[in-house]
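Remarks on the structure that follows.
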Amino acid sequence: MFPSLAHRPWHAFCRVSLPHRSSLYHWSPRVHRGWQGGGIHTSWFSLPDSRLACLGLTQVQYYSTSGDSKDGPPKSESADAPPAGKGASGAAKVTPTSSDKASQGLSKVESIQVKVRAVLKKREYGAKYTQNNFITAVRAMNEFCLKPSDLEQLRKIRRRSPHDDTEAFTVFLRSDVEAKALDVWGSHEALARERNLRKEVEREYQENIFRNQQLLKEYKDFWGNTKPRSGKRGTFLQGPGKVVMVAICINGLNFFFKLLAWVYTGSASMFSEAIHSLADTCNQALLALGISQSVRNPDAIHPYGFYNMRYIASLISGVGIFMMGAGLSWYHGIMGLLHPEPIQSLLWAYCILAGSLVSEGATLLVAINEIKKSAQQHGMSFYEYVMQSRDPSTNVVLLEDAAAVLGVTLAAGCMGLTSLTGNPYYDSLGSLGVGTLLGAVSAFLIYTNTEALLGRSIQAEHVQKLTEFLENDPAVRAIHDVKATDMGLSKVRFKAEVDFDGRVVTRSYLEKQDIDQILNEIQQVKTPEELENFMLKHGENIIDTLGAEVDRLEKELKQRNPEVRHVDLEIL
């Protein structure tokens, strides 16, 4: 209705009284700007006839936001300017011209009220505002080339620690650190030269680090390693490590005796079994390496640890079984079909196969018992534990030994048919059967370990349990975008977006404050600047309280669920 008002700043209460329709050709456009103070602008105006064709303006009343009766529109030197009127509100009335008086009383006065809020001026945050950021002592020394003695003279601020093992830590204002760096080095150019010099020294150290490690190793070999024994050795005395070590010993002996039997008899099936045992021995040695690497502590390059090394070793083991075991067995079986040769006495081969069946069966029982124990601890069935590859090392041993038992049985049967019929083709078919069995095992291992390395989610029931724990907390309104992934070795990483209840967080903050003091501060607020300072002070403290609530939830979630090692709660 008022296009001319769309471009005017409104920060006051205005009432425009519109009488009946009348011509406004006697009106001239007039806009009077009034006083300005405290970031709030006011104005009073009259409308020209070119902007309003059929509505006549008869009265404009001005209301001040400050409550002062002296405030009002300024007096104009022109004769057309309206005189200041009387009234408790300090309103100024605009009197109509003579042509407008004739139209009085012809229609009822229409009233339009426009109400506009007073708001603070928007603050523009420039680069200087970041000087109020906090910086830790480590960053101050690394980025600004300062010493600990240089930081002792600066202002120290205690902040909430992001780590679980410390409650608070000391930070410094970035502006203070920058000023101290300039005081120490004299100029920005000198500071930049020192930074470049330190980077060059660090680069040289990284280039020589391999040589330093080699010298340290030679020194330890010469004088003896006096470092305390690591906990890695204990991993091979129990659990999956024990199963793998037993399998390595037994499969190594089986390979040696099967190789002698193949040299003596020339049987293709016996050759396949010897290759099968060799592949098992090499793959389980690789599993032992993966187990030893998986228990390493996290470092700066691998902050989440080396839990997936077991899955990587199992994946390589599956590929090794396919290439070494299945490939060579298929090759020898095909060559036996194309170029059959007579087989010598199989008596020693049967004896070695019988001993291999007993040893492989014993290793299989050890693996089965270990998987049953682990599955019971995780509340899963034996089949689910194997199919999901929760313990890849034991899983590989189980499948390899199961394939070994079946392979020994198949090889013995084919060799028996060859002895009865004198046909060497049965022995070659046995070699192909063993190769097919190894190929199936390797394909299963590759699939399950690939799924685990891609970031597999934990069970839906466990995710629901973690979600319900967070939703039952009074400070949480809702949980969204929940992700819980298995990092390996039954270690879980949990991530969720949390919608916090601001009222509960605020009450938690107020419970730790002096209410009387806050009330006194509220009563002293008179100006927008004082209101801004009051809100900035308590707003920052409420944000710290919200961070403390996030830390509390993460800590309780880890305590109730020990398998959860990393928790990332994002504020929605």
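Data for the structure
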read-out: Other-chain or far-sequence residues with amide H under 5 Å of Arg477's (modelled H); value: Asp499, Phe500, Asp501
read-out: Extended-chain gain in nm, criterion 0.36 nm per residue less alpha-carbon gap, Arg560 and Ser187; value: 128.9 nm
read-out: Residues Glu207 and Met535, FRET efficiency given R0 of 45 Å [Cβ-Cβ distance, rounded to 0.05]; value: 0.25
read-out: In the stretch 438-544, the trypsin sites (Lys or Arg not before Pro) that fall in loop regions by DSSP, at most 13 other Cβ within 10 Å; value: Lys512, Lys526
read-out: Cα lying deepest toward the dipole's positive end in the stretch 420-532, options Ser431, Ala460, Leu531, charges on Cβ; value: Ser431
read-out: Largest to smallest principal axis extent of the C-alpha atoms in the stretch 319-439, angstrom; value: 54, 27, 17
read-out: Protection proxy ranking of 148-156, 369-377 - average other beta-carbon atoms within 10 Å, highest first; value: 369-377, 148-156
read-out: FRET efficiency, 1/(1 + (r/R0)^6) with R0 25 Å, evaluated for Lys373 and Ala440 via beta carbons; value: 0.40
read-out: Solvent-accessible surface (1.4 angstrom probe) belonging to Glu563, in square angstrom, nearest 10; value: 50
read-out: Label point 7 Å beyond Cα of Lys199 along Cβ direction - residues of the stretch 133-152 with amide nitrogen under 14 Å; value: 143-145
read-out: Relative contact order computed over the stretch 493-572 (Cα-Cα under 8 Å; 6+ residues apart), in percent; value: 63
read-out: Cα→Cβ-extended label distance, 7 Å offset, between Tyr331 and Thr409, nm; value: 2.9
read-out: In nm, spacing of pseudo-spin labels at Tyr304 and Leu572 (7 Å Cα→C-beta vector); value: 2.3
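The values are calculated or read from the model by the stated rules, or taken from the named source; none is laboratory data. Quantities reported herein were computed from a predicted structural model and do not represent experimental measurements. Cβ atoms come from the backbone with ideal geometry, glycine included; neighbour counts cover every protein chain shown. Surface areas here come from the heavy atoms of the whole protein model, side chains and all, with no ligands, DNA or RNA. Shrake-Rupley method; radii C 1.70, N 1.55, O 1.52, S 1.80 Å.
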